[in-house]
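Read the structure below first, then the notes.
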Amino acid sequence: MTKSILVLKLGSASITTKEGEIDEAIISDITRQVAELAANYHLILVSSGAVAAGKKFVKNYKGKISERKAAAAIGNPLLLGTYSKYFQSYGISIAQSLCERQHFSNRPQFLQLKETYEELWKNGVIPIANENDVVSNLELKFSDNDELATLLGVGFGASMILLGTSVPGVLDKDGIVIDKIDSINNDVFSLANKSTSEVGLGGMSSKLTFAHLASTMGIRVAIFGVRTPDGILKAVKGETGTACTPKNCSISARNKWLASGSLVTGRVMADEGACSAIRKRKSLLAVGIKTIVADFAGGEIFEVIDEQHHIVAVARAKVSSNAITENLKQHNLEIANASDIVVL
């Protein structure tokens, strides 16, 4: 592909009215800007708003899981129909992509998803992705669409991820937009408002969490206000919102998928020596494990944390956590090979 990939995520609060209606004026403005970008990028839209658009049709809506699923089933065609209407003005067709967590945890299935998107792009079609709320369950659902956008961006090798929100960017303690963040650390996270909007699942903490992952994988991330005039176009140029500096990253596409798209099931705490060895691209041995925090089976993905509870890496297990417990002092028992470990 000659064009680079750009992922645009749009939050519920930024594309719906306070009454939960789809804001057609905003959708019209979004499609105008996206149509302009389509000349230079392969685009993925990750759009929230289905539940917000559909909940008014659910009697006495209280936000229960079953009610959210019903609202999503009603709202999805309404949302996609609105996008389709306004994209038609620019001769652009769209496709719906309802994603589930398992599509990212199984690599052959993930590659099929990628091939489908590439076929859509060849035909000038823009995929609009959202979680398949109708069938997703609590254990396997995405935390929110910030995560879905990040998994698509990292897994597909996007050059940039735009996280559109209802506020103009990451705000400092005085309420002023921070233009640039070089490192997303605890000081930056302390600025995030822990609340979410009435219609969305995420918040600024979520955006910073996934911006950190994406920038670690070498992707430019911008957190910006969708309602800023020409906000999408300006965010691409770094003229609005908060730009998160990407890190130098040379790991393979497979290991980027392993780090971001795999379904993490387990967790181990490793000692200082083992963490140091992992950072030097060495394998993880049983002797370096201090504690099994969460169980896992052989072949599953687990996180490695240090004694300060910081995530050091993710890895694919060669053996189960039960086998590790039984052989903690066996020096040559390899828990994960270096080729199956991604340092974060």
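Quick look at the numbers
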{"read-out": "Residues (basic (Lys, Arg) and over 15 Å from GLY153 (Cα atoms)) located in region 108-124", "value": "LYS122"}
{"read-out": "Selection within region 65-88 - within 17 Å of GLU24 (Cα to Cα) and either free of Cβ contacts under 8 Å to residues at least 40 places away in the same chain or outside any helix (DSSP H, G or I) (or both)", "value": "GLY75, PRO77, GLY81, SER84, LYS85, GLN88"}
{"read-out": "Residue list for region 236-252, filter: under 12 Å from THR165 (Cα atoms) and either of a type in the set (Lys, Arg) or within 18 Å of the chain's Cα centre (by Cα) (or both)", "value": "THR242"}
{"read-out": "In region 8-30, the residues that are within 16 Å of PRO127 (Cα to Cα) and either surrounded by fewer than 24 Cβ atoms within 10 Å (Cβ to Cβ) or not assigned by TED's automatic domain parsing to the domain that holds PRO127 (or both)", "value": "ILE27"}
{"read-out": "Search result, residues across region 13-36 that are of a type in the set (A, V, I, L, M), over 21 Å from GLY203 (Cβ atoms) and out of contact with any strand residue (DSSP E or B) (no Cβ under 8 Å at 6 or more places or on another chain)", "value": "ALA25, ILE27, ALA35"}
{"read-out": "Residue count, region 1-44 (criterion: of a type in the set (Asp, Glu) and in contact with a Ser or Thr (Cβ under 7 Å, 6 or more places away or on another chain))", "value": "2"}
{"read-out": "Meets criteria (crowded, with 18+ Cβ neighbours inside 10 Å and modelled with pLDDT under 85) for ARG107", "value": "no"}
{"read-out": "Selected residue (only one of SER283, SER215 is crowded, with 19+ Cβ neighbours inside 10 Å and either touching a Ser or Thr at 6+ places or on another chain (Cβ under 9 Å) or at pLDDT 95 or above (or both))", "value": "SER215"}
{"read-out": "Residue satisfying all of: in region 1-57; outside any helix (DSSP H, G or I) and among the polar types (S, T, N, Q); farthest from ASP146 (Cα to Cα) among these", "value": "THR2"}
{"read-out": "Unmet requirement for ALA222, which otherwise passes all of (1) surrounded by fewer than 22 Cβ atoms within 10 Å (Cβ to Cβ); (2) out of contact with any Ser or Thr (no Cβ under 6 Å at 6 or more places or on another chain)", "value": "(1)"}
{"read-out": "Residue tally, condition at negative phi, of a type outside the set (A, V, I, L, M) and over 23 Å from the mean Cα position of the chain (by Cα), over region 6-56", "value": "13"}
{"read-out": "Selection from region 167-194 of residues that are under 24 Å from ILE5 (Cα atoms), over 18 Å from the mean Cα position of the chain (by Cα) and surrounded by 16 or more Cβ atoms within 10 Å (Cβ to Cβ)", "value": "PRO168, ILE181"}
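Yes or no, residue by residue, for (1) of a type in the set (A, V, I, L, M, F, W, C); (2) surrounded by 18 or more Cβ atoms within 10 Å (Cβ to Cβ); (3) outside the structural domain of LEU113 (by TED's automatic domain parsing); (4) modelled with pLDDT of 90 or more:
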{"position": "ILE44", "(1), (2), (3), (4)": "yes, yes, no, yes"}
{"position": "ARG68", "(1), (2), (3), (4)": "no, yes, no, no"}
{"position": "PRO77", "(1), (2), (3), (4)": "no, no, no, yes"}
{"position": "TYR83", "(1), (2), (3), (4)": "no, yes, no, yes"}
{"position": "TYR90", "(1), (2), (3), (4)": "no, no, no, yes"}
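The values are calculated or read from the model by the stated rules, or taken from the named source; none is laboratory data. Treat the numbers as computed from the prediction; the structure is a model and nothing was measured. Counting neighbours? That spans all protein chains shown, and the Cβs are built from the backbone with ideal geometry, glycine included.
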